[in-house]
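The values are calculated or read from the model by the stated rules, or taken from the named source; none is laboratory data. Since the model is a prediction, treat every value here as computed from it, not as a measurement. Here the Cβ positions follow ideal geometry from the backbone for every residue, glycine too, while neighbour counts run over all protein chains shown. Side chains included, ligands, DNA and RNA excluded: accessible areas come from the protein's heavy atoms. Shrake-Rupley method; radii C 1.70, N 1.55, O 1.52, S 1.80 Å.
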Amino acid sequence: MADRVTVIGWDGSPLTRAATAALSAATLVAGAAHHLELPEVPGSAERIRLGSVDLAARRIAGHRGSAVVLADGDPGFFGVVRTLRKPEHGLEVEVVPAVSSVATAFARAGMPWDDAQIVVAHPRTLRRAVNIIRAHHKVAVLTSPGAGPAELALLLDGVHRTFVICEELGTVRERVTVLTSDKTADHSWRDPNVVIVIGGGPETTANGAWIAGRRPDHPEGVRGWALPPASYDGAGEGGEGESPGLRAAQLARLGPRTGDLVWDIGSGSGALSVEAARFGAAVLAVDSDPDACARTAAAARTFKVGVQVVRGTAPHVLERLPEPDVVRIGGGGVPVVTAVADRRPERIVTHASNRDEAEALGAALAENGYTVECALLQSVDLDTSAWAERERSVVFLLSGVRSDLAP
């Protein structure tokens, strides 16, 4: 194993004394092409072009001497340090950090970034990165080949955002470009780059914020979820499928989370759409009723979450929507359930007002490859001044999990 392994972050600034000393003693240096061209790299040192960090780590583990790994920005922030420290490599490393590329990008843009979400985009995670962009006002994306600004913009498909593209930060070829998302896909971008994406709702950090990346408080001190209809100006009160108890059960079975795209078909008051968004998911709220669309948009503004409202009639409108992770169906019967199942989301929830309808919906889910559960939910709202029944709700809750994912 190498006698000493030093990881040096590089942000385009002159190297520190510690970094220069480590390089001068190095017998092996690994890094990108522009790192290996630095004048401080000893001419006698073995040089490794850094592609796969795991392969480089194995080479370093078998090297006798002092090794240096050069990386852009802060190597401990979504960088090479985590891979080098994997137990299978057995490497103990010293780190000489630099300013992270994310911090540099926001500095170039002249923007604060304590309220930013930060994601890494690879071809395999590109869709989830786009869902973060849909859901949050300010997102920094560390891109990779095949998952860059153009690909992000293409997957947004009509969702308006502002892109700040920072190419080759710290080098003489550094360039910062500001474009709207509809223009970004028309350009070729140099790697590496950091993309700051702005839009999709109000700022999420106020004065006195104490936590980075998100704001945990909610309007007027609202706490909890499955809130009563009054929290949404009474919209949907008494309507089928709008009770807080049913909504709580639906959300529990859907499990919306950061990086997901939720379809809420028949959004009604917008209550479920808003609460799924409060869990960090991106949400497409679909309804054919213009008043329902307006209520959903108003609820999203009140709770300061990003919900994209789509007016249209299911199942036809679903054909042009991006792929969902989980879906709540508020109405439309078997045709809508079948159309949704054809898109293969992980989970689907819906409800029925009677057993015959529940059996038909359950059969449609099962025939399309879903493991189905059904529960009869009954809730009774009591007037606590007289302890008398005020309202009763009875509904069948159906949930389906894709059979290849079900335990």
task = Report the trypsin sites (Lys or Arg not before Pro) located in region 87-141 that are in a DSSP loop and have at most 12 other Cβ atoms inside 10 Å of their Cβ, or state none.
result = 124
ask   = How large is the accessible surface per residue of region 62-121, computed with a 1.4 Å probe and reported in Å² as a whole number?
value = 48
inquiry  = What does the charge count around residue 157 come to, taking other residues whose C-beta lies under 11 Å from its C-beta (Lys +1, Arg +1, Asp -1, Glu -1)?
reply    = +1
ask   = Of all accessible surface on the chain at a 1.4 Å probe, what whole percent is carbon and sulfur?
value = 51
task = Find the relative contact order for region 253-407 and round it to a whole percent, using C-alpha pairs within less than 8 Å whose residues are 6+ positions apart.
result = 19
ask   = Counting only heavy atoms of protein chains, what accessible area per residue, in Å², does region 320-371 have with a probe of 1.4 Å?
value = 41
ask   = In whole percent, what relative contact order does the chain give with Cα contacts below 8 Å and a gap of six or more residues?
value = 10
query = To the nearest 20 debye, what charge dipole does the chain have about its Cα centre, counting +1 at the Cβ of each Lys and Arg and -1 at the Cβ of each Asp and Glu?
reply = 1180
request  = Sort 363-373, 92-102, 21-31, 379-389 for me by packing, meaning the mean count of neighbouring Cβ atoms within 10 Å per residue, highest on top.
outcome  = 21-31, 92-102, 363-373, 379-389
request  = Describe numerically, in nm with one decimal, the distance between label points set 7 Å from Cα along Cα→Cβ at residue 230 and at residue 25.
outcome  = 6.9
key: Integer Hz, Karplus 6.51/-1.76/1.60 couplings in order for region 259-264, x for Gly and Pro   = x, 7, 10, 9, 9, 10
Percentage relative contact order, region 98-180, counting C-alpha pairs under 8 Å, at least six apart = 25
Dipole axis of the chain (+1 Lys, Arg; -1 Asp, Glu on Cβ), positive-most option in 89, 185, 364 = 89
ask   = If you compute volume of the Cα convex hull per residue in Å³ for the structure shown, which of (i) 169; (ii) 140; (iii) 128 do you land on?
value = (i)
Protection proxy ranking, peptides 185-198, 58-71, average beta carbon neighbours within 10 Å, highest first = 58-71, 185-198
ask   = How about region 123-204: which GluC sites (Glu not before Pro) there lie in a loop by DSSP and see at most 13 other Cβ atoms within 10 Å?
value = 203
Descending principal axes extents, region 80-173, alpha-carbon based, whole Å = 47, 30, 28
